[in-house]
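A.B. asks: Sharing a structure here in structure tokens format.
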Amino acid sequence: MLGIGALVGVAMVCAYVTGRVTAQNALVTSDEINTVEVQRQAVPGTVRIDVRIRQDALQQGESPNETGSGFFYKANLIVTNYHVVQNQESLSVTLSDGRTVPAKVVGIDPGLDIAVIRVTVVSAPKLLSFGDSSRLVPGQKIIAVGTPLKYQNFISTGVYATSSDRVPRSDKLGNEVGTYMLTTATIQGGSSGGPILDSRGQVVGLADANVADGDLVPGIIGVFIPGNLVKQSLTDLETVGVSQRGTLGVTFQDPANLDPALRQLAGLTSSNGALIIDVPAGTAGARSGLRGSLKNNEGQLVTLGDVIVAVDGNRVKNSQDVVRRVAARRPGQIMSLTVWRNKKEVPVRVTLLKRTLEN
């Protein structure tokens, strides 16, 4: 009996080595089977993006080569992060099977940190489809696919943990993402632009960044852009050429960064809100009568303009808060602002306008 058992054991080992045992037979739990099946479907549609950075965009000692991720959502169109291709001189795409082809940027949406690139030499081996990111619940399993630290076709599992509007960014991109989603799945350098999938294999997010406690600690919390926002942006880029989220068209400065004497002169008792600096003609802000600030010949503020203190009745903390709340709306919609003007609160109604390629 022992001899027979040993022979069976040897046969099983050989079967594994030669690949005659299927993955499903080798796996133990239904969750393992699900993860393997999702990655089998997703990996062929996921790509590595290699970027050659322009010389004028490099700091001394920086490498001119960057790596990111992306995925096919149409036959020759790939979505990725804008920050992956922002300063590109040239770029190429490597498919999951190792084929490398040139690519070109054909659409950008810095407000969501999204870009679209096109390949013409090949067609998508697999298209990934979007699910509904609004249905994600904390604790739900998600799967990230990408090229973290240049390891292509890397699979990571985790859970959708929570959402947050307090994701710090120093690149000034993605400022119209109202709420980011956070995950325990691995998102490291090179993961940016890769798909975040649910257990159905549908895209529910775009890998974007990670956050950590300090610069010396590797980011352990993954950050992704909700898939519904990505899908909306792609539709806008294809039909209009530019995103169609709400915008006032004005420039801001946070009151917290003002000289306290200026705040006191304007009667401001709080550093919350968004001070309007410039109001270009023709913008939604100009048409609604918002007032900008005045500067002297040296560029110093001498008279403060309107300070937005609330959007649709909700108090705001800073200019970023205003931008995100306005961006959550669409052109044609009317918003109610509360501004601090002449030492009192004044209501202002704004009709949001369509964005154009010029504005």
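A.B. asks: Probe of 1.4 angstrom, ligands and nucleic acids ignored: what's the accessible area per residue over the stretch 126-236, in square angstrom? Intermediate results must be reported in sequence, preceding the final value.
C.D. replies: Details: 4990 Å² over 111 residues.
In whole numbers, the stretch 126-236 has 45 Å² accessible per residue.
A.B. asks: Moving on. What is the set of long-range amide H partners of residue 142 at a cut-off below 5 Å, with H atoms built 1.01 Å from backbone N?
C.D. replies: When sequence neighbours closer than 5 places are left aside, the close amide H contacts are 158, 159, 160.
A.B. asks: A further question follows. Label points 7 Å out from Cα along the Cβ direction at residue 52 and residue 151: separation in nm?
C.D. replies: If labels sit at residue 52 and residue 151, their model points lie 2.9 nm apart.
A.B. asks: With r defined as the distance between the Cβ atoms of residue 298 and residue 344 and R0 fixed at 30 Å, what FRET efficiency is calculated, to the nearest 0.05? Show your work: numbers first, answer last.
C.D. replies: Values: r = 30 Å, r/R0 = 1.00.
For R0 = 30 Å, the calculated efficiency reads 0.50.
A.B. asks: Which one of 106, 294, 160 is farthest out on the positive end of the charge dipole of the chain, using unit charges on Cβ (Lys, Arg +1; Asp, Glu -1) and the Cα centre as origin?
C.D. replies: After comparing all options, I get 294.
A.B. asks: How large, in percent, is the carbon and sulfur part of the accessible surface of the chain at a probe radius of 1.4 Å?
C.D. replies: On the way: 9410 of 18480 Å².
About 51 percent, which is the carbon plus sulfur part of the accessible surface.
A.B. asks: Now for a separate question. Taking a probe of 1.4 Å, how large is the accessible area per residue of the stretch 258-359, in Å²? Don't skip to the answer; put the middle values down first.
C.D. replies: Numbers: 5790 Å² over 102 residues.
On a per-residue basis, 57 Å².
A.B. asks: Between residue 76 and residue 62, what is the label-point separation in nm under the 7 Å Cα-to-beta-carbon projection?
C.D. replies: 3.2 nm
A.B. asks: Let me ask something else. Taking the chain as a Gaussian network, where each spring joins two C-alpha atoms under 10 Å apart, which residue of 69, 30, 123 fluctuates the most?
C.D. replies: For the chain, modelled as a Gaussian network with Cα springs under 10 Å, the answer is 30.
A.B. asks: Filter 172/231; 126/231; 317/354; 74/104; 295/354; 141/172 down to the pairs with a C-alpha to C-alpha distance above 20 Å, please. Don't skip to the end; give the middle numbers.
C.D. replies: Working: 172/231 22 Å; 126/231 18 Å; 317/354 26 Å; 74/104 15 Å; 295/354 29 Å; 141/172 30 Å.
Over 20 Å Cα-Cα: 172/231; 317/354; 295/354; 141/172.
A.B. asks: Can you give me the Cα centroid spacing of the stretch 141-211 and the stretch 314-359 in angstrom?
C.D. replies: 29 Å
A.B. asks: Next question, about the same structure. Scan (i) 35, 24, 18; (ii) 32, 27, 17; (iii) 47, 22, 19 for the value of semi-axes √(5λ) of the Cα gyration tensor in Å calculated from this model and give just the label.
C.D. replies: So the calculated entry is the one marked (iii).
A.B. asks: What is the packing order of peptides 195-202, 151-158, taking the mean over residues of other C-beta atoms within 10 Å and listing the highest first? Before the final figure, lay out each step's value.
C.D. replies: On the way: 195-202: 21.9, 151-158: 18.8.
With the highest mean Cβ count within 10 Å placed first, the list reads 195-202, 151-158.
A.B. asks: Which of 108, 117, 220 ends up with the largest GNM mean-square fluctuation for the chain, with Cα atoms connected below 10 Å?
C.D. replies: Among 108, 117, 220, the largest GNM mean-square fluctuation belongs to 220.
A.B. asks: What do you get for the angle between helix 227-239 and the principal long axis of the chain? Use alpha-carbon atoms, 0 to 90 degrees, nearest ten.
C.D. replies: 70 degrees
A.B. asks: While we're here: Taking the Cα centre of the stretch 176-259 as the origin and placing charges on Cβ (Lys, Arg +1; Asp, Glu -1), which of 226, 199, 188 is farthest toward the positive end of the dipole?
C.D. replies: Going by the Cα projections, it comes out as 199.
A.B. asks: Sticking with this one: What FRET efficiency would be calculated for the residue pair residue 90, residue 126, taking the C-beta separation as r and a Förster radius of 30 Å, to the nearest 0.05? Mind showing how you got there, number by number?
C.D. replies: Numbers: r = 25 Å, r/R0 = 0.84.
Here the calculated transfer efficiency is 0.75.
A.B. asks: Among 25, 78, 284, which residue has its Cα positioned farthest towards the positive end of the charge dipole of the chain, with +1 placed on the Cβ of Lys and Arg, -1 on the Cβ of Asp and Glu, and the dipole taken about the Cα centre?
C.D. replies: 284
A.B. asks: Kindly provide the pair-distance distribution of the stretch 207-359 built from C-alpha pairs, with 10 Å bins from 0 and whole-percent values in order of increasing distance.
C.D. replies: All Cα pairs, binned at 10 Å, distribute as 10, 34, 29, 21, 6 percent.
A.B. asks: Any idea what angle helix 30-42 forms with the longest principal axis of the chain, computed on alpha-carbon atoms, 0 to 90 degrees, nearest 10?
C.D. replies: 70 degrees
A.B. asks: I've got another one for you. Only four residue types carry charge here, +1 at the Cβ of Lys and Arg and -1 at the Cβ of Asp and Glu. Report the dipole size of the chain about the Cα centre in Debye, rounded to the nearest 20. The partial results should precede the final answer.
C.D. replies: On the way: 35 positive and 30 negative charges, 184 e Å.
Rounded to the nearest 20 debye, it is 880 debye.
The values are calculated or read from the model by the stated rules, or taken from the named source; none is laboratory data. Since we're looking at a predicted model, the values are computed, not measured. Counting neighbours? That spans all protein chains shown, and the Cβs are built from the backbone with ideal geometry, glycine included. These accessible areas exclude ligands, DNA and RNA; they are computed on the full protein's heavy atoms, side chains included. Shrake-Rupley method; radii C 1.70, N 1.55, O 1.52, S 1.80 Å.
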